[in-house]
């Protein structure tokens, strides 16, 4: 007793239009999630690298400050400011020029750039994290 099914007797099945629309919407949402996920991973990587770079440039800045005598100069200026503030106020231009000459500019610029990059990438991570939760 084997039955055969004839294709002429079966009505053509069509999914409801609402179902097709919902499937297409979910596909688009998943594409958007993948895009956000890739961006989030990239920005998290950049943030981690910039924080590591901040450590390296900070060490470089402190080494440069130690070899240039900047920290000793600043401590002497601080001691002079506490003991004789009138003298510091009277010669502020000369002191400012001396401090700027002893300043480890390369290390300071490196630290400023890595701080900026870390803050910028952290802002991007937060933004993509919000997008991730919204999708």
- Note on the structure: Cβ density ranking, 10 Å radius, fewest first, applied to 81, 19 yields 19, 81
- Task: Would you mind ranking 100, 45, 121, 68 by Cβ crowding within 10 Å, fewest neighbours first?
- Result: 100, 45, 68, 121
- Could you give the angle, 0 to 90 degrees to the nearest 10, between helix 70-83's Cα long axis and the longest principal axis of the Cα atoms of the chain? 60
- Query: In degrees, nearest 10, range 0 to 90: what is the angle between the Cα axis of helix 17-68 and the longest Cα principal axis of the chain?
  - Reply: 20
- Query: What number, in percent, do you get for the relative contact order of segment 35-134 if the mean sequence gap of Cα pairs under 8 Å and at least 6 apart is divided by its residue count?
  - Reply: 55
- Query: How far, in degrees from 0 to 90, does helix 105-134 lean away from the longest principal axis of the Cα atoms of the chain, to the nearest 10?
  - Reply: 20
- Rg/Rh (Cα only; Kirkwood hydrodynamic radius) as it applies to the chain: 1.54
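A short reminder: the numbers here are calculations on the coordinates, not readings from a lab. These numbers come from a predicted model, not from an experiment. A quick note on method: Cβ atoms are made from the backbone with ideal geometry, for glycine too, and the neighbour counts reach across all protein chains shown.
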